[in-house]
Each structure stands twice: as C-alpha cells, then as structure tokens.
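Contents: one structure, followed by commentary.
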Amino acid sequence: MSLLATFALIGTAAVLAGWSCGLLGCLLVGMRLPFLAVCTAHAALAGAVLGPWLGLPPTAGALAGAFLAALALGIILRHRDIDASGALGVVFSLTMALAFLGIGLSRGAKADALGLLCGSLLFVNPRQVIVLAAITALLTAFVVALARPLKLLLFSRALAATLLPEAVLFTAVLVLGAGVTAFCLDMVGGLMVYSLICNPAVAAFRLCRSFRASLLTGALLGGGSALGGLGAAYAWDLPVGAAIVVVSSLVALAGCLGRRGHARLMPSLADPHDERPSP
Amino acid sequence: MPEPIAELTAVEAAYRGRRVLGPLTLTIRPGDVVGVVGPNGAGKSTLLRLLAGLQRPSRGQLRLFGQSPGESWTMPWRMPAWRRRIGILLQHHEYSTEVPLTVRDVVDFGTLGMASTGHRARRLEAAWRRDEALRHLGLEGLADRLYRELSGGERQKTQMARLLAQGAEMILLDEPAAGLDVEWKERVTRLAAALQRDHHRTVVMVTHEADRLPENCSTVVLMPPGQAPRVGTPEALLQAEPLSAAYGCRVEVVRQGRRVLAFAPMTEDAP
C-alpha cells in the first residue's frame, strides 16, 4: 500500500471514529449519561483481553463485553430509584478491574492488550475501516430515522415513557453505543474514546440552537477533532490518541467560550437561568 | 352517566415490600378535577404514576379507559392506544435543559406518534394542533425561544401547551406550581382550572399545598403518610381538622367559597 493510501485509510478511520463518537456523544450527553461510554469502553476492553481465554478473537470479545455491559446498564438504569452515576461508577470499576486482571493474567507480550488502552490508529487496516463505516452508517441512519423520538428521550426519559416505548429506544441507544465504542477501541483506545464522545457533544449543545444542528455539529466536531488530533500528532511527532484528546478538549472549551461570546454579543439570547430550575 | 376514565378498586402500591399507597378506591369521570393533597412522602406521585399506567399496583384493580393496563407492563415495546389519551406534566427536574430545544419543539412532543405516520394530512393536523396549543396559551411570541431560556412559569405554560397539543383527555399535573413565585403559582393554578373549564379536560393535580388546588376542584384525595387515603369533596376535606390529621401538625385554613386561599401551621404562640 502506498504512503498516500495509508494516510487516506488512517484519515478515513479517524473521521469515521470521530463522527460516530460525536453523534453517539450527543445522545449520551443529552441523557446526562456520558460516563456510560466509559463503562462500555472498559467492558469492551475487558472483553477483548478476556475473550481469548474463552476462545474468542479479541474483537468478538470486545463486542460481547460491550453489549453485555450495555444490556446490564439498561436493566439497572430502568429503575428510577437507582442513582445513575453511582451505578455507572460500580460497573466502571468492575469492568476496569476485569480488564487489568485479564492483562495481568495474559501470557507472553502484553503489548497488544495494553495497545487497546491507548489505541493504534496508525495501524488500522481496510477491514476495520469497512466495519467502522458500516456501524457509522447504521448509527447515522438510526439517528436520522428516529430523530423526533430521540429528541423526546433526551429531553425527558420519564416523559418519553408515557408517549413511546422508551425502554426499547433506550436499550437500542445503549446497544448501538456499545457497538460504536467496541469498534473504536482498537483505533482510539479505551482510555480516550470517552473524550471523543463527550467533548464534541458538549461543544455542540453549547453552540447550537436546534436539536438537528447540534447532532450535525457534534458529529462534525468529532470527525474534525480526530482528524485535527491526527494532523497535530503528525506535525509535532506526538502520540496520536493523546493529541486527539487534547484537540477535542480544546473544541469543547471553544464551544463554551463561543457561547459566552455569543451571549455577550446578543444579550437577548443569553440564558437568564443557565441550567438552574428557575423560579 | 359517562363512562369512567379511571377506576381504582382497593388499589395498593408497594415499594420493596412496604406499602406506600392505599388501599384507595376512586372513580374519575370525564370533566372531574381531582386534587391529590398530602405531605411529602405520602405517595402522591405514586398515585399519579398508577393513573398514567406507568406503575403496576401491588394489590387491587386498576382500569384506565375501561381497560386493564397490564399489557403495557408485560410488553413494554407496545404502546397501547389509551396511553395517548393521558397527558402528564412532570416535576421540573425531570426535564433536561442540556439539549437545545425550542418551545415549539417541546409543544410538538404532544403530537408525537400522530405526525410520524408519514401521511401529509396527519402531519398538517399535527402542526395545526401544535400551533393552536401555542396560540391558546399565548406562547406564539416564545415559540422559537429555547426552553432552557424560559422562566420556571413559562416552562410550565409550555408543558401545558404540550398537553393541549396531545389532545389528552386526562391530564395529570405533578406539583405544577412547585418552585414558582407567588404570581406564577396563581397563574399556573388558573391555567389548571382553565384546562377543565375551557378545554373540557379531566384534570388530576398533585400538590402538597392545599391552597394550590383550582376553584373548580370537584374531588379531593387527602393522603396522610402510611394511612389509607380519604376521598371526598373539597368542602369536607379541605378543613383544618382533616388537613391537620394528614399533615401531622395543627393547620389553619383560610377559605373563600370552595377555594382554599391559604393554609399554614399554627404555632403555640399564634393569636
């Protein structure tokens, strides 16, 4: 493969991972569950590391781990009296412990397992990009087709339960989210996928004044952050994963500052209550 | 006599084996305005969830629009038709302000399921119902404002417009005046009264403040914590004695006609 083709493949993988994580992030941040992505990412990591012990290839193990965690979280979070952040914390610590246990128990070189923590975007292969493109297309089609029900789900899960099959829709978001995080794990890494999910969505919700615009902005900022991070890593010889995290964090910061500047220029649009339940 | 919208026969609700509501027998007919009054933790919101078909009673029989809502508990992927006939206004903390949604978006949620059929006529009808609801509540000027930019009172008004757009026959209001200033509390109370008077909806309002019940309230469910609720008329139950028993302290009630204007605990040194 020529150098140009290799760069094109890596760039495509970065944009697809950023786009899908950015779009997924809009759903999870909107439901105030961004930490859920960390849980499924670490469950995928645990699955990838422990999979070979059960005779599964690492990718199948990652998918199984992520789906199991998503379904378990779906069942746990259906109970209104369970605090979501506490439950996510418990699942996160368990999945992380399982992942490190698997790394510790694995025989031979541990580089492959540790590589899943930080990702290996530069070693992406065409098959991975095709699979990632398929799941990105699936997620995008899901969001476009169910934009209105998803909008309601993000606004209020309790209200959504009175108007649509909320449990089914919520579980579908979790399962799709698990698929996205499992497939991005190889490229972005278990530790850094969270930044691509959380940061573009935070910026998009701050900058946009409509739901559709914020979904598109989240996806574009995700793709842009991944590509920008890749470019920065190439230009200054930095670790790719860390460069992507820094760029996406700067995007989130710019989004927050941009909204403040916007509010100062147009005071009538400033939020007089700014996230407080106002009197 | 019109068919009941909701029938509860010796209904009880339990949480982890502990009874939190009931036994309650209550019939709600079209046009009723039911006030559910009681202190915090009395099971008022549980009753609202039962009436919305979101919770299964641990004992007794519950029928909504003549049907048992059992199917919706066992098959959560199915949306029974009666669900759309019930509208609910939740407490303000149940809504996210993170997502940028306009007032029009929120009112539009009321037509969800109606406009998604793909038929142009249905979509037009949904848009008309949304615009009518905005107009009825004087929200046309705010239609493009973000929900998170609204005051608490304006948010409640937007939610009521959503209920009108939904065409819900029974409207459940969970503490609609909570957290609002005095002026908005009164405005929200009048809006709740208008839902029945002007829009002919059946209204069930949950509140821990008896002075928030609208003047056209026809039935009161008084809920003392840990005891069976009492069902009666406002004249019978919104009195100092039953309210004192329910709230566990002596309260004084100031009334004007059917409406309770104020109620407050009496202290030892009160005149």
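The values are calculated or read from the model by the stated rules, or taken from the named source; none is laboratory data. Note that this is a predicted model, so its numbers are computed, not measured. Quick reminder, even Gly has a Cβ in these numbers, built from the backbone with ideal geometry, and neighbours come from all protein chains shown. Note: accessible area is taken over every heavy atom of the protein model, side chains too, but ligands, DNA and RNA are not part of it. Shrake-Rupley method; radii C 1.70, N 1.55, O 1.52, S 1.80 Å.
With a sphere of radius 15 Å drawn around the Cβ of B:Asp32, what net charge do the other residues whose Cβ falls strictly inside it have (Lys, Arg +1; Asp, Glu -1)? After counting each charged neighbour, the total is +1. Classify segment B:146-223 as rounded, prolate or oblate, taking a ≥ b ≥ c as the square roots of the eigenvalues of its Cα gyration tensor: rounded when a/c is under 1.5, otherwise prolate if a/b is larger than b/c and oblate if not. Verdict is oblate for segment B:146-223.
Which of rounded, prolate or oblate describes chain B when judged by the alpha-carbon gyration tensor and an a/c cut-off of 1.5? Could you put the intermediate results ahead of the total?
On the way: a/c = 1.90, a/b = 1.30, b/c = 1.46.
Oblate.
Pairwise Cα separations in segment B:88-222 fall into 10 Å bins from 0 onward with the following percentages, short to long: 12, 43, 34, 10, 1.
Measuring r between the beta carbons of B:Arg135 and B:Arg187 and using R0 = 22 Å, the FRET efficiency lands at 0.80.
So with the 1.4 Å probe, I'd like the accessible area per residue for the protein assembly as shown, rounded to whole Å². Before the final figure, lay out each step's value.
Values: 23950 Å² over 550 residues.
On a per-residue basis, the protein assembly as shown sits at 44 Å².
The B-A contact accounts for roughly 3600 square angstrom of buried accessible surface, both chains included, probe 1.4 angstrom.
Using the Cα centre of chain B as the reference point, and only Cβ charges (+1 on K/R, -1 on D/E), how large is the resulting charge dipole? Debye, rounded to the nearest 20.
On the way: 36 positive and 31 negative charges, 198 e Å.
Dipole size: approximately 960 debye.
Ranking A:Thr140, A:Ala235, A:Ala158 by how far each Cα lies toward the positive end of the dipole of chain A (charges on Cβ) leaves A:Ala158 at the top. The label point for B:His93 and the one for A:Ser120, both projected 7 Å from the Cα toward the Cβ, are 4.8 nm apart. Gyration tensor analysis over the Cα atoms of chain A returns equivalent ellipsoid semi-axes of 30, 24, 16 Å (largest first, whole Å). Rolling a 1.4 angstrom probe over the protein assembly as shown with all protein chains present gives an accessible area of which 61% lies on carbon and sulfur atoms. Each Lys and Arg contributes +1 and each Asp and Glu -1, all at the Cβ; summed about the Cα centre of the protein assembly as shown, the dipole is approximately 900 debye.
Would you mind classifying segment B:211-271 by shape? Square roots of the alpha carbon gyration tensor eigenvalues, ordered a ≥ b ≥ c; an a/c under 1.5 is rounded, otherwise it is prolate if a/b is larger than b/c and oblate if not.
Details: a/c = 2.56, a/b = 1.17, b/c = 2.19.
Cα axes put segment B:211-271 in the oblate bin.
Taking segment B:63-168, which chymotrypsin sites (Phe, Trp or Tyr not before Pro) meet the DSSP loop condition and have no more than 12 other C-beta atoms within 10 Å?
Numbers: sites: B:Phe65, B:Trp73, B:Trp77, B:Trp82, B:Tyr95, B:Phe109, B:Trp128, B:Tyr147; in loops: B:Phe65, B:Trp77, B:Tyr95.
Loop-located and lightly packed - B:Trp77.
Given all pairs of different Cα atoms, what value in angstroms does the Kirkwood hydrodynamic radius of segment A:142-220 take? Present the calculation step by step, with values, prior to reporting the outcome.
On the way: mean 1/r = 0.0727 Å⁻¹.
One over the average 1/r among Cα pairs gives 13.8 Å for segment A:142-220.
The charge dipole of segment B:14-81, taken about its Cα centre with unit charges on the Cβ of Lys, Arg, Asp and Glu (plus for the first two, minus for the last two), comes to roughly 260 debye.
I'd like the antiparallel share, as a percent to the nearest 5, of DSSP beta bridges with both residues in chain B. Provide the component values of the computation, followed by the final result.
Numbers: 23 of 41 bridges.
The answer is about 55 percent antiparallel.
With helices as the sole contributors, chain B gives -8500 deg cm²/dmol at 222 nm; each DSSP H run of n ≥ 4 counts as -39500 (n - 2.57), and the sum is divided by every residue. The three principal axes of the C-alpha atoms in segment B:28-93 carry coordinate ranges of 34, 28, 26 Å, sorted with the longest axis first. Apply the Kirkwood formula to segment A:152-191: the hydrodynamic radius equals the inverse of the mean of 1/r over all pairs of different alpha-carbon atoms; give it in Å with one decimal. Taking the inverse mean of 1/r over all distinct Cα pairs, segment A:152-191 comes out at 11.4 Å.
The translational diffusion coefficient of the protein assembly as shown, from Stokes-Einstein at 25 °C and 0.890 mPa s with a Kirkwood hydrodynamic radius over alpha carbon pairs, comes to 96 µm²/s.
Quick one: pull the percentage of alpha-carbon pairs in segment B:170-268 with a separation above 18 Å.
Numbers: 2269 of 4851 pairs.
The share of Cα pairs beyond 18 Å in segment B:170-268 comes to 47 percent.
Each of A:Leu105 and B:Glu3 was given a label point 7 Å from its Cα along the Cα-to-Cβ line. The distance between the two points is 6.0 nm.
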